[in-house]
Amino acid sequence: MVDLPGLTKVAVGEQPEDIEAQIKSLILKFITNPNSIILAVSPANADMATSESLKIARDIDPDGRRTLAVVTKLDLMDAGTDAIDILCGRVIPVKLGIIGVINRSQQDIIDKKDIKEAIKDEASFLSRKYPTLATRNGTPYLAKTLNRLLMHHIRDCLPQLKTRVNVMASQFQVTGIHKSTNNLKVQSWI
């Protein structure tokens, strides 16, 4: 698992002026690998139509077969709005699913709110705000889903990987024999 930096639009402080291009290049380096699973993270309190992470994921994975969308900050949405359509998959077309989570706030971190307590509060919020979807959202469900996806992905990719390793190993052995033979000839001339 590679935790890539978030997309940056404006250089801050001593960051290079081309920070946006550098980060985008780094992200593309990893997600263009067809064996990678793309975790596209977007805040619920922003317009999904303008989500840069979802745009990049869609550009690289147009069918959404390798993309899992994570919608953060469900608790920070404007009053009177909700994320039902998003969480039900009617807005973001991805095959691996959409999971909503609630992050600890900066104040929670300052107050040293325990992660277990934050997860308990997240579950309480989801049960209250999204009762029919509560069991398919939240940080624990995201962790289980990622673990399941990774295990299935490894299972599906392992035969191909094993074949590639065997081919490379046999090529190395053949190359190694030629080098050994050449070394023997050189030694016999000395």
Among the residues of the range 76-90, how many are open to solvent by 70 Å² or more (accessible area, probe 1.4 Å) and in contact with a Lys or Arg (Cβ under 9 Å, 6 or more places away or on another chain)? 1
When you go through (1) farther than 29 Å from M151 by Cβ; (2) open to solvent by 70 Å² or more (accessible area, probe 1.4 Å); (3) not aromatic (F, W, Y); (4) not in a loop (DSSP other than H, G, I, E, B) one by one for V10, which number turns out not to apply? (4)
In the range 143-186, residues that are closer than 30 Å to I98 by Cβ and either surrounded by 10 or more Cβ atoms within 10 Å (Cβ to Cβ) or at pLDDT below 85 (or both) total 17
Open to solvent by less than 70 Å² (accessible area, probe 1.4 Å) and under 11 Å from the mean Cα position of the chain (by Cα) - does that describe any residue in the range 19-34? yes
Conditions (1) open to solvent by less than 80 Å² (accessible area, probe 1.4 Å); (2) part of a helix (DSSP H, G or I) -> K116 fails only (1)
If we keep just the residues of the range 35-53 that are in a loop (DSSP other than H, G, I, E, B), in contact with a Ser or Thr (Cβ under 9 Å, 6 or more places away or on another chain) and among the aliphatic types (A, V, I, L, M), which is surrounded by the most Cβ atoms within 10 Å (Cβ to Cβ)? A44
Take the residues in the range 61-90 that are of a type in the set (V, I, T) and either at pLDDT 95 or above or assigned to a strand (DSSP E or B) (or both); name whichever of them is nearest to I27 (Cα to Cα). T67
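Would you say D121 is open to solvent by less than 80 Å² (accessible area, probe 1.4 Å), within 21 Å of S53 (Cβ to Cβ) and either free of Cβ contacts under 8 Å to residues at least 24 places away in the same chain or over 16 Å from the mean Cα position of the chain (by Cα) (or both)?
Values: open to solvent by less than 80 Å² (accessible area, probe 1.4 Å): yes; within 21 Å of S53 (Cβ to Cβ): no; either free of Cβ contacts under 8 Å to residues at least 24 places away in the same chain or over 16 Å from the mean Cα position of the chain (by Cα) (or both): yes.
It is false that D121 is open to solvent by less than 80 Å² (accessible area, probe 1.4 Å), within 21 Å of S53 (Cβ to Cβ) and either free of Cβ contacts under 8 Å to residues at least 24 places away in the same chain or over 16 Å from the mean Cα position of the chain (by Cα) (or both).
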Scanning the range 59-72 residue by residue, the ones that are open to solvent by less than 80 Å² (accessible area, probe 1.4 Å) and either without any contact (Cβ under 8 Å) to a residue 12 or more places away in the chain or of a type in the set (K, R) (or both) total 1
Read through the list (1) of a type in the set (V, I, T); (2) surrounded by 16 or more Cβ atoms within 10 Å (Cβ to Cβ); (3) not in a loop (DSSP other than H, G, I, E, B), then give the number of the only condition that V94 fails. (3)
Every residue in the range 132-142 that is over 21 Å from G64 (Cα atoms) and open to solvent by 90 Å² or more (accessible area, probe 1.4 Å), please. T132, T135
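Could you list, in sequence order, the residues of the range 7-22 that are touching a Ser or Thr at 6+ places or on another chain (Cβ under 8 Å) and under 28 Å from N137 (Cβ atoms)? Show your work before the answer.
Just the residues of the range 7-22 that are touching a Ser or Thr at 6+ places or on another chain (Cβ under 8 Å), to begin with: 7, 15, 19-20.
L7 - this is the single residue of the range 7-22 that is touching a Ser or Thr at 6+ places or on another chain (Cβ under 8 Å) and under 28 Å from N137 (Cβ atoms).
The values are calculated or read from the model by the stated rules, or taken from the named source; none is laboratory data. As the structure is a prediction and not an experimental result, all values here were calculated from the model. Cβ: placed from backbone, ideal geometry, glycine included. Neighbour counts: every protein chain shown. The protein model used for the area step is the full one, side chains on, heavy atoms only, and it has no ligands, DNA or RNA in it. Shrake-Rupley method; radii C 1.70, N 1.55, O 1.52, S 1.80 Å.
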